[in-house]
1. Within the range A:414-426, restricting attention to residues that are outside any helix (DSSP H, G or I) and not hydroxyl-bearing (S, T, Y), which residue is surrounded by the fewest Cβ atoms within 10 Å (Cβ to Cβ)?
2. If you go through the range B:68-86, how many residues are more than 7 Å from every other protein chain (Cβ to nearest Cβ) and not in a helix (DSSP H, G or I)?
3. Kindly establish whether B:T97 is surrounded by fewer than 22 Cβ atoms within 10 Å (Cβ to Cβ) and touching a Phe, Trp or Tyr at 6+ places or on another chain (Cβ under 6 Å).
4. Restricting the search to the range B:33-57, which residues are assigned to a helix (DSSP H, G or I), out of contact with any helix residue (DSSP H, G or I) (no Cβ under 7 Å at 6 or more places or on another chain) and farther than 13 Å from B:G143 by Cβ?
5. I need the full set of residues from the range B:8-44 which are touching a Pro at 6+ places or on another chain (Cβ under 6 Å) and in contact (Cβ under 8 Å) with a residue 24 or more places away in the chain, in order please.
6. When you scan the range B:118-135, how many residues do you find that are within 7 Å of chain A (Cβ to nearest Cβ), in contact with a Lys or Arg (Cβ under 8 Å, 6 or more places away or on another chain) and in contact (Cβ under 8 Å) with a residue 12 or more places away in the chain?
7. So, in the range A:108-131, exactly how many residues are over 23 Å from A:F60 (Cα atoms) and surrounded by 14 or more Cβ atoms within 10 Å (Cβ to Cβ)?
8. Restricting to the range A:219-264, count the residues that are within 13 Å of chain B (Cβ to nearest Cβ) and hydroxyl-bearing (S, T, Y).
Amino acid sequence: MVAKTPEQINEDLLRPLSVTSGRYWVGLAFFSGIVVAALCAFLFQVYSGIGVAGIRRPVFWGFYITNFVFWIGLSHAGTLISAILRLANATWRRPVTRCAEVITVFALSIGATFPVIHLGRPWLAFWLFPYPTERGLWPNIRSPLLWDFFAINTYLLGSVTFLLLPMVPDFALVRDHAKTAVRKRIYTILALGWTGTPRQWHRLEKAMQIMAIAIIPVAVSVHSIVSWDFAMAPVPMWHSTIFAPYFVAGAIFSGIAALILAMALLRKLLHLEEYLLPIHFQNLGKLLLVMSLLWVYFVFAERLTTWYGNGSSEMAVFWLTQTGSYSPLFWTMVTCNFLIPFPILAIKKLRTITGTAIASFTVVIGMWLERFLIIVPSLSHKYLPYSWGTYRPTWVEITITAGTFAAMALLYMLFSKTVPIISIWELKWGRHEEPVRDPVLAQRDEEAMA
Amino acid sequence: MAAVNSVYGLFHGPHAAERGMNALRAAGIAPDQIIVMSPEPFEEYGFAQAERAKLMPWLVALGGVIGGTTGYLIAWYTQTAYPIVTGGMPIMAPWPTGIVTYELTMMGAIVTTLITLLIGSRLPNWKPKLYDPEISDGKILIGVVDPPDNARADIENRLRRAGAEQVKATGRFSAS
């Protein structure tokens with residue numbers, strides 16, 4: 001990046017908050033329309049009953065739980081990656097972290113709605129809370145579904161905190177540049193009276209360090225627990241010790257892909273070419289490549305173990321995905337998650353912004369298919385062949401699924417209009433010149449060291 | 001913003017701010033009277049050193065212990081209040097109890113981090129006594145709060161000589 005003055009950086013990164021293009025409004029209307037359609041579909045389901053969805057015996061978990069796992073996985077984009085880069089002191093992370101952390105908060109919020117949508121009677125969602133019935137019966141803490149409640153809420157709280165803390169100094173900056181009284185008032189409240197004293201900076205940095213350390217095990221635990229929703233059940237291809245790391249790796253894989261996609265779009269739409277540089281895509285592309293290889297390793301290890309075990313029920317599901325009715329989806333998944341991204345990301349010349357964005361797009365599709373293929377084939381072919389069945393999603397499930405993707409885009413658009421999508425103070429901080437040391441003190445230090 | 005009696009200079013860049021700070025120290029201003037505000041952290045510079053938050057990690061650990069204890073008690077109570085054998089597991093099943101305890105440990109630590117940050121940074125404080133919006137444009141504020149009346153001119157001169165782009169005063173000094 002060409003050395004820019006603080007004023008220029010402010011101007012560049014605050015511009016999206018004050019200037020709204022016609023393209024933005026068109027996008028907003030488009031995604032809002034899909035979200036409204038999804039809400040209508042959901043209300044139709046509430047009015048008509050869960051029977052309007054395609055889930056029925058034996059496949060009780062279909063698109064909704066696929067989406068739940070997919071979105072929770074995608075949420076690993078931000079907080080986890082940001083925390084790792086922060087702890088590793090990767091200086092190139094500065095323009096990337098907020099884009100990433102926002103994905104976590106929105107993806108997690110969207111993912112958390114699916115168990116409620118899936119309930120069929122969403123007004124009874126509070127039954128999932130640790131709260132006794134009138135007969136004194138508490139939810140069963142030995143059920144992994146209740147672990148989800150604790151894990152997702154902890155991760156959501158941590159992710160929101162991790163996102164909001166470094167936003168406070170930027171809220172103060174927006175407050176100081178607000179052009180209308182209403183905006184000034186709103187950002188004054190959000191800035192909490194931040195003035196930037198050394199005491200405040202020191203404590204913010206310390207808190208971010210602690211949060212970065214704390215959030216990594218929480219992120220790992222969340223997707224482990226999501227995997228245990230499956231692995232704790234004696235269902236063919238689910239009851240596996242590899243599921244937790246397999247899910248975590250898949251979550252990070254899809255998360256990085258989502259982050260690259262979001263960054264590519266933001267770069268183009270908000271004209272952030274001078275801030276989101278090819279090096280950021282290069283580095284994230286390398287991470288995506290590593291995760292792609294790790295994903296292939298897990299898929300291979302899981303299937304090899306199943307094949308060697310040769311249990312009849314497991315093999316029924318195995319062949320269903322390899323050569324049976326789900327095989328087109330399986331091989332599409334392999335193509336999207338490995339065959340397309342691997343050469344793009346492995347060959348340096350192809351690892352461009354466009355290249356990494358294409359690879360990420362296919363990975364997002366592939367990872368959604370992976371979640372679907374984990375859930376549906378196993379449920380449709382459980383131990384007793386007489387109870388085997390199929391699953392076909394209905395328009396209600398498809399509309400709600402499309403609505404969540406639109407909701408993600410919509411939330412992201414609204415966020416980028418209200419908060420600088422790149423952490424301004426962190427970006428400036430990364431451009432500091434080294435302090436000039438007093439030559440006398442420097443010599444004294446050197447003598448002491450000697 | 002509540003008016004506080006102060007004299008401060010706005011500096012462009014940390015080197016100039018460092019000179020400003022040295023000038024104030026050389027004038028014998030007490031450290032607790034010197035105020036510094038910057039648009040980003042400058043912890044590698046002497047002028048922006050703050051009292052270390054040594055207690056914060058310990059408080060966070062304590063928060064984690066409280067959270068974990070709460071999680072254990074929830075898990076223990078909910079399992080024993082209405083004992084049902086599930087899947088052949090003991091009534092007080094250790095593995096699920098461990099998971100709930102772990103999650104609430106982390107939640108306790110996260111909440112404590114947030115609280116200690118807010119209290120330690122004295123936030124929220126929607127009416128700070130002293131602030132200048134030019135800080136947001138990259139300026140660094142170095143000044144003195146409640147200086148003696150007869151020292152004002154000397155402080156202003158020292159700040160200017162150190163390289164302050166602007167020297168301003170608030171409170172009763174701004175009127176004079």
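1. Residues of the range A:414-426 that are outside any helix (DSSP H, G or I), as a first pass: A:419-423.
Those left that are additionally not hydroxyl-bearing (S, T, Y): A:419-422.
Numbers: A:V419: 21, A:P420: 23, A:I421: 24, A:I422: 24.
Filtering first and then ranking leaves A:V419.
2. Kept after step one, since they are more than 7 Å from every other protein chain (Cβ to nearest Cβ), are these residues of the range B:68-86: B:68-73, B:76-77, B:80, B:83-85.
Narrowing the set further to residues that are not in a helix (DSSP H, G or I) leaves B:83-85.
Qualifying residue count for the region: 3.
3. Details: surrounded by fewer than 22 Cβ atoms within 10 Å (Cβ to Cβ): yes; touching a Phe, Trp or Tyr at 6+ places or on another chain (Cβ under 6 Å): no.
Here the answer is no, as B:T97 does not meet what is asked.
4. Start the filter on the range B:33-57 by keeping residues that are assigned to a helix (DSSP H, G or I), which leaves B:33, B:46-48, B:55-57.
Next, from what is left, pick out any that are out of contact with any helix residue (DSSP H, G or I) (no Cβ under 7 Å at 6 or more places or on another chain): B:33, B:55.
Within the range B:33-57, B:L55 is the sole residue that qualifies.
5. So the first thing to find is which residues in the range B:8-44 are touching a Pro at 6+ places or on another chain (Cβ under 6 Å), and the list is B:36, B:42, B:44.
If the condition is that a residue be touching a Pro at 6+ places or on another chain (Cβ under 6 Å) and in contact (Cβ under 8 Å) with a residue 24 or more places away in the chain, then B:V36, B:F42 are the ones that fit.
6. Residues that pass the stated criteria total 1.
7. Here is the first cut: in the range A:108-131, the residues over 23 Å from A:F60 (Cα atoms) are A:130-131.
From what is left, the residues that are surrounded by 14 or more Cβ atoms within 10 Å (Cβ to Cβ) are A:130.
The number of residues fulfilling the criteria is 1.
8. Summing the residues that are within 13 Å of chain B (Cβ to nearest Cβ) and hydroxyl-bearing (S, T, Y) in the range A:219-264 gives 3.
The values are calculated or read from the model by the stated rules, or taken from the named source; none is laboratory data. Quantities reported herein were computed from a predicted structural model and do not represent experimental measurements. So basically every Cβ, Gly included, is an ideal-geometry build from the backbone, and we count neighbours across all protein chains shown.
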